[in-house]
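The structure appears below as structure tokens.
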Amino acid sequence: MLALKNAGKRFGPRVLFLEADWLIRNDEKTALVGANGTGKSTLMKVLTGLETLDYGTLDQTRGISIGYLPQEGLQLTGRSVFNECLTVFDELHEMEREVERLGGQMAELDHESPEYQAVAERYSVLQDRFHALDGYALDAQVGSVLTGLGFGKEDWTRQTDEFSGGWQMRIALAKLLLAKPNLLLLDEPTNHLDLETRNWLEGYLNSYPFGYILISHDRYFLDVTIDRTVEIWNKRLTIYQGNYTKYLKEKDERREQLKAAWRNQKERIEHLEAFINRFRAQATKAKQVQSRIKELEKIERIEVPEEEPVIHFKFPQPPPSGRTVVAAENLRKDYGAKCVFADARFTIERGDRVALVGVNGAGKSTLIKLLVGDEASTAGTIKLGHNVVAEYFAQDQYKVLDPDARMLDDISRSALRIPETALRSLLGCFLFSGDDVFKPLGVLSGGERNRYALARILVSPSNFLLLDEPTNHLDMRAKDVLLQAISGYSGTVVFVSHDRYFIDRLATRVLEIESGAITPYEGNYEDYLRRKEALAAEASSTAVMLSEAAQSTTESKGPRLPFSAHNENSGRAFSSSPNTTILIEGGYEETNGAAASPAARTRRLNPIKQKQLKDRCVFIEEEIPRVEASIAHTEQQLGVYVSAAETQRLATLAGELRAQQAALTAEWEELMQQLEA
């Protein structure tokens, strides 16, 4: 659909990228990645036509439709949310009006006249197209997308200008998704989305019928939505097949190959230069010397770009608190007539890293404010343990900073024991480099001041951190520094984040706020989701068994059958009857008495065998890339001649590795067939 050819772009005197070639297909599902400032957003604008290239060309297929979502800056006014979304279907509405108009004409024309035939043909074409575009379900489409993006039905009739900037961007995203352009260009689409909405967007994009290109700092989101990665690095565009995790692995492999080639080339250059310097003055060697000089001039020098420095930052460890950090009993919070949550009981122990999850408006920020003491509970108690000192990072933390203070001076006052070089490295990781560190805090944007406020907390933490959206406005590098620092922190953390990767790597417990209740779960977000799915499956199975029991009772008109209950200790469904089938973890077992029914036997699972098959699949999925890397390394060695014997050995090794790769692939396919069966 789009093709960049030898493309280049400057930003003032600085070159962003050069010699870029990129064919964008109609099924493109791609992430555009690179360090901040490399030109990702600029390249997006080039693809949309908002900016022009300084070099090369951009070719575009005729009739292509492109939808672009910038990071921020969109403002919608003058309509309700629902009607604003309906504007993307203006063409369909006009088509519907024309169909109605043609229908009226057909009722008045003579059915035998040529005019009637022309109108009827046009009517049929438009009606078929209207049906094909699902024109009769436009309201349902709009409702589905708005619900997925977190708009309640009460929001649909509100005016768009009543919403904040983040919700305005959600409306703009909804319009793009409904319009279904041939190519979606989304620059940080998850910036203003909560975790549940991101999950919905992942599913929507996975079923999107056309192509899209994403810029995002959310690793998990990229991993599950893309199958191609384009990186801007060293002023060049490099294309990788696979999701973000595979890109990182392949990039490391490519860099190692580049380093190996650079070392080989360096050795060859040194050898040529040594020969030239040694025999330059000897007339008998003049021909050989000239040959070496020409060879040296023809060598295209390999460059290995400098790697970004890896920042390792550790929290100064705080004084320890008591074992129990927080104990909440019968906790309730109301805002007027609205109950946020009620009858909540939970404890937080020293060293816990607790993630608060729930939809926007569920009460996550409210709970943090109760824990830190910024708000009072309506009922119940929150008790902080012995020697607990809380520190709170709010979403609008920048408001408490001194606007006249210079950044480096302000953070130095908070970190008396940390040298200035370490502080400047930390600030650089949070995207404050060079003279930025001498700026007054008042001249920074809200997002920049929040980034700085988070860095400031890192240098002098208390023993109980409460972090509300600490990953907002951070790129992946800064998130990694934050994740690494908190992982090595000996205090207790309660946090809210919409970054799935960050939560999975950090959380040891989850507190879910849903429907006015607070429910604790052990483990990270993945464990929480698995437990939720298991509970939903148990509830569904229980409902089915109750229904079947009730139906059997009705048909036999006999005594009521024993019904299934839930054993909270085992987390499994059981029945009070000695001769019924017990549901265990999704499979069926026979108990004393009659054999299980054929329906039950067909649903019988062997969990041990299933786990063995899955474990073997996981091993093979990890082993195949290692074998592929060995093949690539061997082929690279084959490119450097050492001796005939060494070449023969490497060729044999490469053949064995390819055979191993083929065998592993065949075994994996067979295992997958068994699991599916």
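The values are calculated or read from the model by the stated rules, or taken from the named source; none is laboratory data. This one's a predicted model, so the numbers in the text were calculated from it and none came from an experiment. With ideal geometry, Cβ positions are generated from the backbone for all residues, glycine too; neighbour counts draw on all protein chains shown.
Annotations
- Looking at VAL443, VAL481, just one residue is of a type in the set (Val, Ile, Thr) and over 20 Å from the mean Cα position of the chain (by Cα), and that residue is VAL443.
- Some residue of the stretch 474-494 being aliphatic (A, V, I, L, M), in a strand (DSSP E or B) and surrounded by 19 or more Cβ atoms within 10 Å (Cβ to Cβ): yes
- Hey, ILE518 within 25 Å of the chain's Cα centre (by Cα), modelled with pLDDT of 90 or more and assigned by TED's automatic domain parsing to the domain that holds GLU349 or not: no
- For the stretch 432-459, the set of residues classified as charged (D, E, K, R) and either in contact with a helix residue (DSSP H, G or I) (Cβ under 9 Å, 6 or more places away or on another chain) or surrounded by 15 or more Cβ atoms within 10 Å (Cβ to Cβ) (or both) consists of ASP436, LYS439, GLU448, ARG449, ARG451, ARG456, listed by residue number.
- Checked against (1) surrounded by 19 or more Cβ atoms within 10 Å (Cβ to Cβ); (2) in contact with a Ser or Thr (Cβ under 8 Å, 6 or more places away or on another chain), HIS386 passes all but condition (1).
- Some residue of the stretch 148-158 being farther than 18 Å from TYR68 by Cβ, among the small types (Gly, Ala, Ser) and touching a residue at least 12 places away in the same chain (Cβ under 8 Å): yes
- Some residue of the stretch 421-434 being out of contact with any strand residue (DSSP E or B) (no Cβ under 6 Å at 6 or more places or on another chain), assigned by TED's automatic domain parsing to the domain that holds ALA478 and over 21 Å from LYS479 (Cα atoms): no
- Single match in GLY103, GLY78, GLY73, GLY67 (criterion: at pLDDT below 90 and within 27 Å of PHE221 (Cα to Cα)): GLY73
- Inter-residue pairs, beta-carbon under 8 Å, first among the hydrophobic types (A, V, I, L, M, F, W, C) and in the stretch 53-68, second assigned to a loop (DSSP other than H, G, I, E, B), 6+ apart: ILE64/MET1; ILE64/ASN182; ILE66/GLY49; ILE66/PRO181; ILE66/ASN182
- Applying the criterion of at least 2 residues that are loosely packed, with under 14 Cβ neighbours inside 10 Å to the strands (runs of 3 or more DSSP E) found wholly in the stretch 201-284 leaves 236-241.
- Those residues of the stretch 13-46 which are under 20 Å from LEU183 (Cα atoms) and assigned to a strand (DSSP E or B), in sequence order: ALA20, ASP21, TRP22, LEU23, ILE24, LYS29, THR30, ALA31, LEU32, VAL33
- Note on the stretch 408-451: among residues that are hydroxyl-bearing (Ser, Thr, Tyr) and more than 19 Å from GLN484 (Cβ to Cβ), the one that is modelled with the highest pLDDT is SER412.
Okay, residues lined up against (1) of a type in the set (Val, Ile, Thr); (2) modelled with pLDDT of 85 or more:
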position	(1), (2)
GLU297	no, yes
PHE313	no, no
SER321	no, yes
THR324	yes, yes
ALA328	no, yes
LYS333	no, yes
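- Qualifying residue in the stretch 194-207 (condition: without any contact (Cβ under 8 Å) to a residue 24 or more places away in the chain and of a type in the set (Gly, Ala, Ser)): yes
- Cβ-Cβ under 7 Å pairs, at least 6 apart or on other chains, the stretch 14-28 side at positive phi, far side part of a strand (DSSP E or B): GLU19/ASN6; GLU19/GLY8; GLU19/ARG236
- Sole residue being assigned to a helix (DSSP H, G or I), of a type in the set (Ser, Thr, Tyr) and in contact with a His (Cβ under 9 Å, 6 or more places away or on another chain), chosen from THR197, THR190: THR197
- Residue match in the stretch 465-476 (condition: over 24 Å from TYR220 (Cα atoms), aliphatic (A, V, I, L, M) and either outside the structural domain of ASP352 (by TED's automatic domain parsing) or in contact (Cβ under 8 Å) with a residue 40 or more places away in the chain (or both)): yes
- Top-ranked residue of the stretch 1-50 - restricted to ones that are basic (Lys, Arg) and more than 22 Å from LEU205 (Cα to Cα), ranked as modelled with the lowest pLDDT: ARG14
- Taken over the stretch 371-424, the criterion of being of a type in the set (Gly, Ala, Ser) and over 25 Å from SER490 (Cα atoms) is satisfied by ALA376, SER377, ALA379, GLY380, ALA405.
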